[in-house]
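Worksheet: the structure to be examined is printed underneath.
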Amino acid sequence: MSQRKIIHIDMDAFFASVEQRDNPELRGKPVAVGGSSSRGVVAAASYEARAFGVRSAMPSSVAARKCADLIFVRPRFDAYKEASNHIRSIFHRYTDLVEPLSLDEAYLDVTQNKLGLASATQIARNIRKEIFDELNLTASAGVSVNKFLAKVASDLNKPNGISLIRPEQVDAFSANLKIEKFFGIGEVTAKKMHRMGIHTGNDLRRFSRVALTHMFGKAGGYFYNICRGIDDREVKPDRVRKSVGAEQTFKTDLADFDSQCRALHEIVEEVALRLIKNDTKGRTITIKVRYQDFSTSTRSVTLDDFTNEVGRIAEVTMKSFADHPRLLPIRLLGVAVSNLDVAVNEQFGQLTLDF
């Protein structure tokens, strides 16, 4: 397979940055985009707010406690979508191999590009400059040989930065990378790995593919490749997103109903945020419950209309959860929204050029 050249563009605090751009009184101040009610959730936080520990998907009540001067701004999704469409038009000046992950994030395959530029890094610089010149917004970029490494790189110099992981750097970079930085290794899996003495990619390389599959199931093969910097996923402009969801495996099985409901509501908030960031809504809400004995139950409810409102999703989810039998403690909860009203565009390509 010839070497690919992948760019990952991630807008900096996108929703909050649009609000600060359009309202000078908000510049330099801690801003949270989202409802300020007790059931509200933070959709985005400015870097000034992040300094106080405010994060996206955080309940608004918690955010307000962390930052007394926090300014809540109601979302203006039409403004965010307009900016996102403009940004994507900039991407398409260079390549049609653009895979949007949400309104503020995308992969680009520029191994072959419309302007015939040899340097993917220069293309990333051009894109960031054009976004700033035309929209007065900043973006961070990562450049490397595959999607995984480009995404990791884009986070290295945020905000308003660019990072390159060269082909000859891939092996050492992946070996020294902390496992928490590997896409697909969440908090629970990371803690399990820590207990096994696995803290970096190099530690993970000590285990065979068979051993990792035995320890982590289907994900083991993925872990075997990713710790070696191997990621063959192509940029897919025409892929259709079928569902948006989130789930959590608990360190200690949840036995009481109140703790189960609190955990479930946190998952619902994350799912609603992902729907919002993907500019989509759904009609079918599915809840997944895995019990202490590993038995699993799922139930789905299909609404008459599309929604991405956290309150609506929570209402349906909690009612569905109340109908589940609660004979055993729960080790995993998950929520997914499907039957979506928007298809996310995506497709591929490759060649060899100089970085």
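The values are calculated or read from the model by the stated rules, or taken from the named source; none is laboratory data. Just so it is clear, the structure is predicted and the values come from calculations on it, not from any experiment. FYI the Cβ positions are ideal-geometry reconstructions off the backbone, even for glycines, and counts take in every protein chain you see.
Numbers at a glance
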| item | result |
| --- | --- |
| Some residue of the stretch 120-131 being within 28 Å of Ser46 (Cβ to Cβ), in contact with a Ser or Thr (Cβ under 6 Å, 6 or more places away or on another chain) and free of Cβ contacts under 8 Å to residues at least 24 places away in the same chain | no |
| Some residue of the stretch 169-186 being in contact (Cβ under 8 Å) with a residue 12 or more places away in the chain, hydroxyl-bearing (Ser, Thr, Tyr) and out of contact with any Gly (no Cβ under 7 Å at 6 or more places or on another chain) | no |
| Contacts under 8 angstrom Cβ, first residue in the stretch 72-86 being among the β-branched types (Val, Ile, Thr), partner part of a helix (DSSP H, G or I), 6 or more apart | Val73/Ala16; Val73/Glu19; Val73/Leu26 |
| Yes/no for Ala49 being of a type in the set (Gly, Ala, Ser), surrounded by 24 or more Cβ atoms within 10 Å (Cβ to Cβ), more than 15 Å from Pro159 (Cβ to Cβ) and touching a Lys or Arg at 6+ places or on another chain (Cβ under 9 Å) | no |
| Odd one out for Ser84, checked against (1) under 21 Å from Ile162 (Cα atoms); (2) not in a helix (DSSP H, G or I) | (2) |
| Hits in the stretch 216-242 (condition: farther than 20 Å from Asp171 by Cα, among the small types (Gly, Ala, Ser) and either assigned by TED's automatic domain parsing to the domain that holds Thr317 or modelled with pLDDT of 90 or more (or both)) | none |
| Residue within the stretch 34-54 that is touching a residue at least 60 places away in the same chain (Cβ under 8 Å), closer than 25 Å to Ile87 by Cα and of a type in the set (Ser, Thr, Tyr) present | yes |
| Which listed residue is over 22 Å from Ser84 (Cβ atoms) and in contact with a helix residue (DSSP H, G or I) (Cβ under 8 Å, 6 or more places away or on another chain), from Val271, Val244, Val289 | Val289 |
| Residue match in the stretch 26-44 (condition: among the polar types (S, T, N, Q), more than 19 Å from the chain's Cα centre (by Cα) and buried (at least 20 other Cβ atoms within 10 Å of the Cβ)) | no |
| Residue in the stretch 122-144 that is crowded, with 20+ Cβ neighbours inside 10 Å, at pLDDT 95 or above and part of a loop (DSSP other than H, G, I, E, B) present | yes |
| Within the stretch 145-180, considering residues that are among the aliphatic types (A, V, I, L, M) and surrounded by fewer than 17 Cβ atoms within 10 Å (Cβ to Cβ), the one nearest to His194 (Cα to Cα) | Ala175 |
| Residues of the stretch 320-355 satisfying the condition of being within 19 Å of Leu303 (Cα to Cα) and at pLDDT 75 or above | Ser320, Phe321, Ala322, Gly334, Val335, Ala336, Val337, Ser338, Asn339, Leu340, Asp341 |
